[in-house]
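Enquirer: Dropping a structure here in structure tokens format, bear with me for questions.
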Amino acid sequence: MSAPPSPTLSDSALLDSLEEAGYDLATDRERRLEALQAEVRKVQSLRETEYGRVVTYGEEKSLIERMSKEKYCIIHFFHPGFARCRIMDDRLSDLAPQHPHTLFLRAAVESVPFLVTKMGVQVLPCVLCFVDGKAVDRLIGFEELGDSDHFTVKMLEFRLKQTGVLPSGTLSLANHISSSLLTNTKQESDSDRSDSDEDDTDRRRRQNARAGAGQRKGKVGIRNGLAGRGKDEDEEW
């Protein structure tokens, strides 16, 4: 004789038990919305000073905090004494005003030793691309730009666009706010809208399970973008 099924709580019963335990969903939602509003105000302030140009960071902790919160970010690791680093600076300075969605930063390698080691920066100039705080691409030297000092801004733009760090389209605050924060807020909003349909959803889920319906998992790939070491005038660091 099989054992009786274990008792389970429905979503509504679980919510009731949370309320009885003193968990305030409204307060938690308010806290998240306040965090989102604070992020929006911060983005508005930063846009007045940091977007549309290349910004130099000389303090490692500030750079790490800034890049980790940015939706789209490009960082040029440079050495002030290297000619090709100055050329890359010039091209990025011309490119930055054309892409207000993306934050362009630069840092001298001697100022950010931890990042240089962590990111494996060995040849300069080195341009790293970040989306949602994750490194998705790197451009080392000029090898992928014709191995010439005379590459154009359009060539650089085409190369950097390959991994999505230079998005196009209507400019909005959502393009600059942390995706994790937006995801949390969206999930709460979706949860509010779906409360009245919970029973129907549960019923359909059980029916699908009995029918042997499977879930398909997608694969998310990120292009590493690792280039070979630069030659000729690209400098080893």
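Enquirer: Going by the structure shown, is Tyr57 in contact (Cβ under 8 Å) with a residue 60 or more places away in the chain and open to solvent by less than 50 Å² (accessible area, probe 1.4 Å)?
Expert: no
Enquirer: Turning to a different aspect of this structure: Out of all the residues in the stretch 13-52, which are at pLDDT below 75, charged (D, E, K, R) and open to solvent by less than 50 Å² (accessible area, probe 1.4 Å)?
Expert: Once the filter is applied, which keeps residues that are at pLDDT below 75, charged (D, E, K, R) and open to solvent by less than 50 Å² (accessible area, probe 1.4 Å), the stretch 13-52 yields only Glu39.
Enquirer: Within the stretch 127-155, which residues are under 21 Å from Glu236 (Cα atoms), in contact (Cβ under 8 Å) with a residue 60 or more places away in the chain and touching a helix residue (DSSP H, G or I) at 6+ places or on another chain (Cβ under 9 Å)?
Expert: Cys129, Asp137, Leu139, Gly141, Phe142, Glu144, Asp149, Phe151
Enquirer: OK, next. Answer yes or no: is there a residue in the stretch 157-172 that is farther than 20 Å from Leu103 by Cβ and modelled with pLDDT under 90.
Expert: No, that holds for no residue.
Enquirer: Next up: Of these, Arg66, Arg41, Arg29, which one is over 27 Å from Arg159 (Cβ atoms), free of Cβ contacts under 8 Å to residues at least 40 places away in the same chain and either part of a strand (DSSP E or B) or not small (Gly, Ala, Ser) (or both)?
Expert: Result: Arg41 is the single residue among Arg66, Arg41, Arg29 that is over 27 Å from Arg159 (Cβ atoms), free of Cβ contacts under 8 Å to residues at least 40 places away in the same chain and either part of a strand (DSSP E or B) or not small (Gly, Ala, Ser) (or both).
Enquirer: Looking at the stretch 61-115, which of the residues that are in contact with a Pro (Cβ under 7 Å, 6 or more places away or on another chain) and farther than 24 Å from Asp149 by Cβ is surrounded by the most Cβ atoms within 10 Å (Cβ to Cβ)?
Expert: Tyr72
Enquirer: Looking for something modelled with pLDDT of 95 or more, surrounded by fewer than 16 Cβ atoms within 10 Å (Cβ to Cβ) and among the charged types (D, E, K, R) - is there at least one such residue anywhere in the stretch 128-145?
Expert: The answer is no; no qualifying residue exists.
The values are calculated or read from the model by the stated rules, or taken from the named source; none is laboratory data. Quantities reported herein were computed from a predicted structural model and do not represent experimental measurements. Glycine also receives a Cβ, built like all others from the backbone with ideal geometry; neighbour counts cover every protein chain displayed. When the accessible area is computed, the model is the full protein with side chains, heavy atoms only, and any ligands, DNA or RNA have been set aside. Shrake-Rupley method; radii C 1.70, N 1.55, O 1.52, S 1.80 Å.
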